[in-house]
Amino acid sequence: MQPIAHFFANDALPLGLCLAATFAASVKLEYAVLPSGEIDRFKINFATLTLGFGVWAAQLIGALSDNALQPMLFSPWTMSLSLALSLVGCAIGLRLLAAAGSDRRRVLAGGLIGLTFLLSHALTLIAAQDLAVTLNPAAAVSGAILALALSAAAGRVPRGGGLRGQTLRTGLLVASAAMIHLFAAWALPPAAPLRQASTAPGLSNVVVSQLVALISAMVVMMSLWAVSRETRRRVLEAEAQHLRTLADAVLEGLVIVEDGQILASNRAFDALIGRRVSHLSEAFAQDVLAQLDLDAALETELLGTRATIPVEIVASPIRYKGAERRAIAVRDLRSRRQAEDQIRFLAHNDTLTGLLNRSSFLQKLDLDLARLRRSDDQLAVVFLDLDRFKQVNDAMGHAAGDAVLRQVAVRIQAQLGPGDSFARLGGDEFAIIRTEDPSPEGLDALCASILAAVAPPIEVSPGRTAMVGSSLGVALFPHDGLSASDLLAGADAALYQAKNAGRNTYRFFDAALARTLKTRQALEQELRSALARDQLRLVYQPQARMSDQVVDGFEALVRWDHPTEGPISPDRFIPIAEESGLILELGEWVLRKACAQAASWSGAETISVNVSAVQLHDNSLPELVHVVLIETGLSPARLELEITETALIKNAPQALHVLRRLKALGVRIAMDDFGTGFSSLSNLRNFPIDTIKIDGSFVHGVDRDEQSATIVRAVLGLGGGLGMKVIAEGVETRAEENFLIDEGCAYAQGYLYGSPAKAPAPASAKARAHG
Ligand code: C2E
Ligand code: CA
Ligand code: CA
């Protein structure tokens, strides 16, 4: 096997060249097929050049080295033809291999490449025109068959087989080329004589081999370089792809950036932003790049297609596609923000109505005031309180109460302007801050519209309605107060005034009124505690029978000695007690005390107790009187309850009902202050009255004043006609007494018989009346 030994001794260079070219072409072939199945023209041409030129050159160099000692001349035309054939054959063969096809087609393509090697090499040998060719046909045929079989097998190697596939394909192709070379050497023995001194023009074998070696080395190196670059690119690409798959699996958005340029993004990020972006500045609301260097979590905003999205971003270094880049993780903060908003909402708003709550209302007022102090604009605070809400709540339940509050909130909201702040302060209290045009006219209109809006029935559940009214109080900045607390107190005072004015109305703050109100309120508080601490006392004023000056009864009158202000007149504190409802408690105390006192007397004197209108309209009064009579053991006939005409007519049917029940107990009823009110005969007739008390204002100076005399005469006539006892109040002089006696009045009360005084000892009653 001398030729084989010869091959290994001389053909290392061409073999290396062939190997490199074939390998580069094989890899390039893989790369030339795009994922879409299309063929990259540039790459396939590059592969063609590498393979066609490389193998052609390797065989030429091999052939030359076999005959290195003999000077030869090559025909340039035949050489060119040989090279062209190699290129064209490889072009077709590689293209066929690249195109997706059946195994058979690829085997044919491989064979075609082998045939190309064979023919081009044959042409090369022919080009060496000085060589005397004596062909050994057996060697030539067997070499050709072997070469074709090997290249066909190379074609059979499927694409995409990785390094192993490429090595196999390379090996087979190189083997095919080597076979051609090997068998050519065998078929054309080196002993063949050379034709000497050819005259034809040609290229010397030295020039050819140097030129070809240079060019082929360049081509193959370029090719290898390109292949290695591409391979590296592909490896990195695969790595990146791997990373992307991983990144797509996470829920957070992820972008990989280089100098702000977005190189890659995951699905979560794409979904978050909703469009393609190539630079960070397109994605974020602010220049995050500069701040990102901190390498800490940064809260910023992502510019989504529809809205900005609050996000948290964290940057970290990452190796991506073979270089150091930055990975930026983007966390969607919307759900966290929502939770935060929810918490904030709960902290700042009333859960029932969604309005501002008390604390945020106060905050808002403070802010507004701080702003207004600089601009000297005005502001109004409106307080609103529902009338009858407590009744609705008690009668229909809390759910109904809540429904009322919600609907009232909606109705009021509809009356407000865009600049108004509306809050529920708690219970059935609401408040409004108006900063835009708080003119009196505008506020008048606002209050009127709120009153009208709240008034209609409110459906609290299907088929059930409730009705509430509202009272409003308005205070103005700076007119009524400069501080928030002054304004709130002002609005509150105005609200109180509105309620006092009969509810379902509104009032603007009135400083003078508020002052009275304030002392009234203070007084009410003090009266309440005085009552609780038993600091009130009763005095008793005798009532005398004028004919014999015998005291047959006493009127109980309440006294309050204020610890700092001294005695306070009942004319002043009784109305306060009536308004605050305290009168019920006070009246009960008076009744119990007076009855107990009277019961202790040995005689049968009557005891007169004043009963206010509020007590008279309280259904439980007869029951109370009954209980007190039993408790004290006082005979009902000795108790006289003094009521006024105005109390009667406030709610006549109710008063009549109570009076009848009182009468049923055996108690007497006196009409107090007669003459000052309606002085109506029908009232006297319609109600079960036993006694008429002529008001002191007519008695005083009755002996000298004709008009008073006429009235007193009329009342005496009226009472006598109805068979009632008539008693004159405020008798201070004998002259008055004499006039009264002359006119037929039997009873009198006044300083003439005794001032209201400490509980009289029963025995002394008579004596004092005489005194
Ligand atoms: P009143 O029921 O008309 O009581 C008579 C008032 O006239 C008493 O005033 C009494 O002190 C006063 N008075 C008695 N004699 C004379 C007199 O000769 N000349 C003059 N100028 N005045 C005389 P007082 O005690 O200040 O009571 C004022 C009003 O307060 C009472 O008028 C009554 O309406 C109310 N009041 C007093 N005590 C009670 C009470 O226990 N319950 C209720 N509901 N009202 C009471
Ligand atoms: Ca009285
Ligand atoms: Ca009176």
Kirkwood Rh over alpha-carbon pairs of the chain plugged into Stokes-Einstein at 10 °C, 1.306 mPa s gives a D in µm²/s of 41
When the Cα atoms of segment 236-374 are enclosed in a convex hull and the volume is divided per residue, what value in Å³ results? 151
With +1 assigned to the C-beta of every Lys and Arg and -1 to the C-beta of every Asp and Glu, and no other charges, what is the dipole magnitude of segment 294-345 about the Cα centre in debye, to the nearest 20? 240
Would you please classify the overall shape of segment 460-618 from the alpha carbon gyration tensor, given that a ≥ b ≥ c denote the square roots of the eigenvalues, rounded means a/c under 1.5, and beyond that prolate means a/b larger than b/c while oblate covers the rest? prolate
Applying the Karplus parametrisation 6.51 cos²θ - 1.76 cosθ + 1.60 with θ = phi - 60° to the phi angles of segment 447-463, what ³J(HN,Hα) value in whole Hz is obtained for each residue in order, glycine and proline being reported as x? 4, 4, 5, 5, 4, 5, 6, 7, 4, x, x, 10, 7, 8, 7, x, x
Evaluate E = 1/(1 + (r/R0)^6) for Arg334 and Gln261, where r is the Cβ-Cβ distance and R0 equals 25 Å; express this FRET efficiency to the nearest 0.05. 0.40
Run the dipole for segment 674-757 about the Cα centre, Lys and Arg Cβ at +1, Asp and Glu Cβ at -1, nothing else charged, and hand back the magnitude in debye, nearest 20. 300
Heads up, I need the accessible area for Glu578: 1.4 angstrom probe, whole protein in place, Å², nearest 10. 60
With the cut-off at 1.5 for a/c, could you classify segment 344-406 from its C-alpha gyration tensor as rounded, prolate or oblate? oblate
Cα centre as origin, Lys/Arg/Asp/Glu Cβ charges: the chain dipole, Debye: 4900
Which three semi-axes in whole Å describe the equivalent ellipsoid of segment 528-576, each the square root of 5 times a Cα gyration tensor eigenvalue, listed largest first? 29, 10, 9
Considering only protein heavy atoms, with the full assembly of protein chains and a 1.4 angstrom probe, order His348, His626 by accessible area, largest first. His626, His348
Taking the Cα centre of segment 282-364 as the origin and placing charges on Cβ (Lys, Arg +1; Asp, Glu -1), which of Ile328, Ile318, Phe345 is farthest toward the positive end of the dipole? Phe345
Please tell me which of these pairs span more than 21 angstrom C-alpha to C-alpha: Lys390/Lys650; Lys593/Lys758; Lys390/Lys499; Lys650/Lys725? Lys390/Lys650; Lys650/Lys725
Could you work out how much longer the chain between Ala297 and Asn45 gets when fully extended? Use 0.36 nm per residue separation minus the Cα distance between them, nm to one decimal. 85.6 nm
Only sites in a loop by DSSP and with at most 10 other Cβ atoms within 10 Å count here; which trypsin sites (Lys or Arg not before Pro) in segment 243-279 make the cut? Arg275, Arg276
Along each principal axis of its Cα atoms, how long is segment 272-350 end to end? Whole angstroms, biggest number first, please. 57, 26, 18
In degrees from 0 to 90, rounded to the nearest 10, what is the angle of the helix 358-375 Cα long axis to the longest principal axis of the chain? 90
With R₀ set to 35 angstrom, the calculated FRET efficiency between the beta-carbons of Ala217 and Val88, to the nearest 0.05, is 0.95
Residues Arg373 and Thr676, FRET efficiency given R0 of 60 Å [Cβ-Cβ distance, rounded to 0.05]: 0.70
Percent relative contact order for the chain, counting Cα pairs under 8 Å at least six residues apart, stands at 7
So how much slack lies between Glu585 and Asp690, counting 0.36 nm per residue of separation and subtracting their Cα-Cα distance, in nm? 35.2 nm
I'd like to compare 378-390, 247-259, 409-421: which one has the highest average count of other Cβ atoms within 10 Å, and what's the full order after that? 378-390, 247-259, 409-421
More than 15 angstrom separation, counting every C-alpha pair in segment 233-274; what % is that? 43
Apply the Karplus curve 6.51 cos²θ - 1.76 cosθ + 1.60, θ = phi - 60°, to the phi angles in segment 544-555 and return the couplings in whole Hz, x for Gly and Pro. 10, 8, 5, 4, 10, 6, 8, 7, 10, x, 9, 9
For segment 40-56, 3J(HN,Hα) per residue [Karplus equation, 6.51 cos²θ - 1.76 cosθ + 1.60, θ = phi - 60°, Hz, x = Gly/Pro]: 6, 4, 4, 5, 5, 5, 5, 4, 4, 4, 4, 5, x, 6, x, 5, 4
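Can you pull out the trypsin sites (Lys or Arg not before Pro) in segment 677-709 that DSSP calls coil and that have at most 16 other Cβ atoms within 10 Å?
For trypsin sites (Lys or Arg not before Pro) across segment 677-709 that sit outside H, G, I, E and B with at most 16 neighbouring Cβ atoms in 10 Å, the list reads Arg704.
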Report the gain in length on full extension from Ser36 to His617: 0.36 nm times residue separation, minus Cα-Cα distance, nm rounded to one decimal. 199.3 nm
Pairwise label distance in nanometres, Leu13 with Arg358, each label 7 Å out on the Cα-Cβ vector: 10.4
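Please go through segment 476-552 and write out the trypsin sites (Lys or Arg not before Pro) that DSSP classes as loop and that have at most 14 other C-beta atoms within 10 Å.
Passing both the DSSP loop test and the Cβ count: Arg503, Arg533.
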Between 0 and 90 degrees, rounded to the nearest ten: what's the tilt of helix 12-32 against the longest Cα principal axis of the chain? 30
Descending semi-axes in whole angstrom, ellipsoid equivalent of segment 559-665, from the Cα gyration tensor: 22, 20, 11
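The values are calculated or read from the model by the stated rules, or taken from the named source; none is laboratory data. Given the structure is predicted, the values throughout are model-derived calculations rather than measurements. Glycine also receives a Cβ, built like all others from the backbone with ideal geometry; neighbour counts cover every protein chain displayed. Ligands, DNA and RNA are stripped out before the accessible areas are found, and what is left, the full protein with its side chains, is counted by its heavy atoms. Shrake-Rupley method; radii C 1.70, N 1.55, O 1.52, S 1.80 Å.
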